[in-house]
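Step one of this worksheet: look at the structure below.
Just so you know, all these numbers are worked out from the coordinates, no wet-lab data involved. The model shown is predicted, which means the values in this text are computed figures rather than measured ones. Cβ atoms come from the backbone with ideal geometry, glycine included; neighbour counts cover every protein chain shown.
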Amino acid sequence: MAKKFGPASKKQEMYVNSTATITVFGGAAGSGKSYMGLMDLIKWVHLPEFRGVVFRRTTPQLKGVGGMWDTALQMYGELFDKLNISSKDSKITFPSNAQIMMKHMEHVKDKYNIQGWQISEGLVDEACQFEEEQIMYIISRLRTAAKMKSHLKMTCNPDYDSFLRVWLEKAGYLDKEGFPIEERCGEVVYCGQIAGSMEFEKSLEEWKDKHPNTTPMTFCFINATCKDNPVLLEMEPDYLSKLENLPRVECDRLLHGNWYAREEASGYWKREWCGDPISLYQVPKGLRTVRSWDMAATLPSEVYPDPDFTVGIKGCVDGEGTVYITDMKRFRDRPAGVIEKLLAAAEDDGQDCTITIPKDPGAAGKAAADNVTSKCFENGFTCRQKQTKSGKDKRFEPVAALAENLMIKVVKGDWNKLFHDELEAFGSGRGHDDIVDAISDLVHELCQRKSIPSFSCPDGLVKSNPFQIN
């Protein structure tokens, strides 16, 4: 070996020494995330059975100039005299016979390309670019014959629309403004999937008390900035100044590691357009009410850990065209459970509330819609089928236009944040769009079927027909 590598700051040292099942490192630019990730893998290459896999979302990100592949060849080439390098397979075999491979996962379905793999250590670089179900599938491949504990390490920059932001919130690593809580840096918490959602507890005792039948994994977040990478600041003394001179949002994200900072003008939806949530008592009385459903009927599994949700959004529209969103139901269940919950919601809404059900193309879609519709009619509820059409963005544009013109009001509820989060993420290619589909159908149903008020003609406009034949 010709050269030694090692961490250059306390937080980089915390990262390479972390023994958690899942370790997240970074959360700001210039902290040495990718470099430290590759360096961390070196700890295990003396074990013949070690199999490390580095993931990026696309191949160009792996093999572009200065990317992970180039950096790995340079780093490992300086450390080891003999390496067996296969550029075709993006695989490096070490003298001990340990292997490190690089793999892309551009599409969600690409996760099945690692089906059956045994991964000793996974490194997901820029994890915020991945979907949660891809990460969960990688976690399911963590097993090894090497004398070590298999684990996953992830690096990231802050991204509000990422699943990681939700994880860090639940685990208690972020303050109310979205900044990392310094006192919690490196603390280990306990986590696992419960009913299809990642849940976190601060102690093993709390986990056992709330989830006695589930064995947890351990989780650790180590927040770091360019100030925790003295090597970079020595090589580029003006790097800190470059970050400080970025626009406000990017500076908050990339210098200070803020997970709530977002470009204000991006996306189809801004929660600010709806104003502050209103009270249910502020919704005009006597308006036609509709609850529109987007249907799904799958529970999470190892093969499909993040299936779609069934979502039902309730609302009404006044005479001036302002839409009021009064409630949202969101859950996962099997077909029978979905119908049961749908009918329970209808019972709460009352018989004056119209229900809309999506009808997908094809015989199966028609049969499913007919089944739900008949159940509604049997229980005395009015139900209409809405033909599912392609082009979600086109369907959602009228909703976005109403919101932008301040013509959508949202009633205060514990579902508000989830509602706005998904709508603001729409168009990014990440996350679910079940709420998008449900509100699109709701607005279409409300705005195409306005009630015509009853009236009578003034006496002066009524006269007998002189041509009537008796």
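Quick notes on this one:
- DSSP beta bridges in segment 10-254 [antiparallel fraction, %, rounded to 5]: 40 percent
- The HN-Hα couplings worked out from phi for segment 147-154 by the Karplus form 6.51 cos²θ - 1.76 cosθ + 1.60 (θ = phi - 60°) are 7, 6, 9, 5, 7, 10, 10, 10 Hz, whole numbers, x standing for Gly and Pro.
- For segment 1-91, the list of GluC sites (Glu not before Pro) that fall in a loop by DSSP and count at most 10 other C-beta atoms within 10 angstrom is empty.
- Global form of segment 271-448, assessed from the alpha-carbon gyration tensor, a/c cut-off 1.5: oblate
- Label zone at N416, where the point sits 7 Å out along the Cα-to-Cβ direction: segment 313-329 residues whose backbone N lies under 14 Å: 325-328
- Calculated [θ] (222 nm, deg cm²/dmol) that DSSP helices of n ≥ 4 give over the chain, each run adding -39,500 (n - 2.57): -9000 deg cm²/dmol
- Shape summary of segment 10-254, radius of gyration then Dmax from alpha carbon positions: 18.0, 53 Å.
- Sorted fewest first by neighbouring Cβ atoms within 10 angstrom, K409, K170 come out as K170, K409.
- Note on L123, L73: ascending count of other Cβ atoms within 10 Å places them as L73, L123, the fewest first.
- Centre separation in Å (Cα based) which lies between segment 310-360 and segment 80-145: 43 Å
- Annotation for segment 182-257: trypsin sites (Lys or Arg not before Pro) lying in DSSP loop with at most 14 further Cβ atoms inside 10 Å of their Cβ are K202.
- Segment 10-254, dipole about Cα centre (Lys/Arg Cβ +1, Asp/Glu Cβ -1), debye to the nearest 20: 880 debye
- Average Cα contact separation per residue, segment 332-443, under 8 Å, 6 or more apart, as relative contact order %: 22 percent
- Hydrodynamic analysis of segment 1-126 uses the Kirkwood radius over alpha carbon pairs. Inserted into Stokes-Einstein at 10 °C and 1.306 mPa s, it gives a translational diffusion coefficient of 105 µm²/s.
- Relative pair counts by distance (%), Cα atoms of the chain, 20 Å bins: 21, 46, 25, 6, 2, 0
- Net dipole in debye of the chain [+1 Lys, Arg Cβ; -1 Asp, Glu Cβ; about Cα centre; nearest 20]: 1020 debye
- Loop-located GluC sites (Glu not before Pro) in segment 240-316, at most 13 other Cβ atoms within 10 Å (DSSP): E263, E264, E302
- Residues E131, E199 in ascending order of nearby Cβ atoms (within 10 Å, fewest first): E199, E131.
- Distance in nm between pseudo-label sites at T59 and S279 (7 Å out along the Cβ direction from Cα): 6.1 nm
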